[in-house]
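Undergrad: Provided herewith is a single structure, encoded as structure tokens, for subsequent inquiry.
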Amino acid sequence: QVQLVESGGGLVQAGGSLRLSCAASGSFVSINAMGWYRQAPGKQRELVATIISGGSTNYADSVKGRFTISRDNAKNTVYLQMNSLKPEDTDVYYCNVDFEFFGRRLVWGQGTQVTVSS
């Protein structure tokens, strides 16, 4: 019923910036929280940043001060502004939405590749 479409990934030089977008569409009553995660091959998916319905945010220590998560409620879209990118940020980034639709539901985006060159 709900699908997430991610965009904004790509190749960037170290120190550069990218903005990821994730738009939710379909049937839902409300969104509880939205977040961004990243995963490298052979490793567990890790939390990058989350934002709850009230606007509070949480960041992984590794990205704090460099990344900013935000949302546009009218567009049902969450963004991740990534500044001062490092090669260590290279990963597949996934958005996640925790929403209400006849109970609590969870859906993941398809993933978008972010590659940061040295």
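Undergrad: Would you be able to say whether some residue in the stretch 11-26 is touching a helix residue (DSSP H, G or I) at 6+ places or on another chain (Cβ under 9 Å), within 30 Å of Ser117 (Cα to Cα), basic (Lys, Arg) and modelled with pLDDT of 95 or more?
TA: The answer is no, given that none of the residues of the stretch 11-26 is touching a helix residue (DSSP H, G or I) at 6+ places or on another chain (Cβ under 9 Å), within 30 Å of Ser117 (Cα to Cα), basic (Lys, Arg) and modelled with pLDDT of 95 or more.
Undergrad: Report those strands (runs of 3 or more DSSP E) wholly inside the stretch 68-118 carrying at least 3 residues which are in contact (Cβ under 8 Å) with a residue 12 or more places away in the chain and under 15 Å from the mean Cα position of the chain (by Cα).
TA: Values: elements: 77-82, 91-100, 104-108, 112-117.
Once the strands (runs of 3 or more DSSP E) in the stretch 68-118 are filtered for at least 3 residues that are in contact (Cβ under 8 Å) with a residue 12 or more places away in the chain and under 15 Å from the mean Cα position of the chain (by Cα), what remains is 77-82, 91-100, 112-117.
Undergrad: Return yes when Thr90 is closer than 18 Å to Met34 by Cβ and not hydrophobic (A, V, I, L, M, F, W, C) and no when it is not.
TA: So Thr90 fails the test.
Undergrad: Additional query: If you scan the stretch 73-89, which residues turn out to be farther than 20 Å from Ser118 by Cα, open to solvent by 10 Å² or more (accessible area, probe 1.4 Å) and touching a strand residue (DSSP E or B) at 6+ places or on another chain (Cβ under 9 Å)?
TA: Asn73, Lys75, Asn76, Thr77, Tyr79
The values are calculated or read from the model by the stated rules, or taken from the named source; none is laboratory data. In this text, all values refer to a predicted model and were calculated from it rather than measured experimentally. No Cβ is skipped: glycine too gets one built from the backbone with ideal geometry, and neighbour counts run over all protein chains shown. Areas reflect the complete protein model, heavy atoms only, side chains present, ligands, DNA and RNA absent. Shrake-Rupley method; radii C 1.70, N 1.55, O 1.52, S 1.80 Å.
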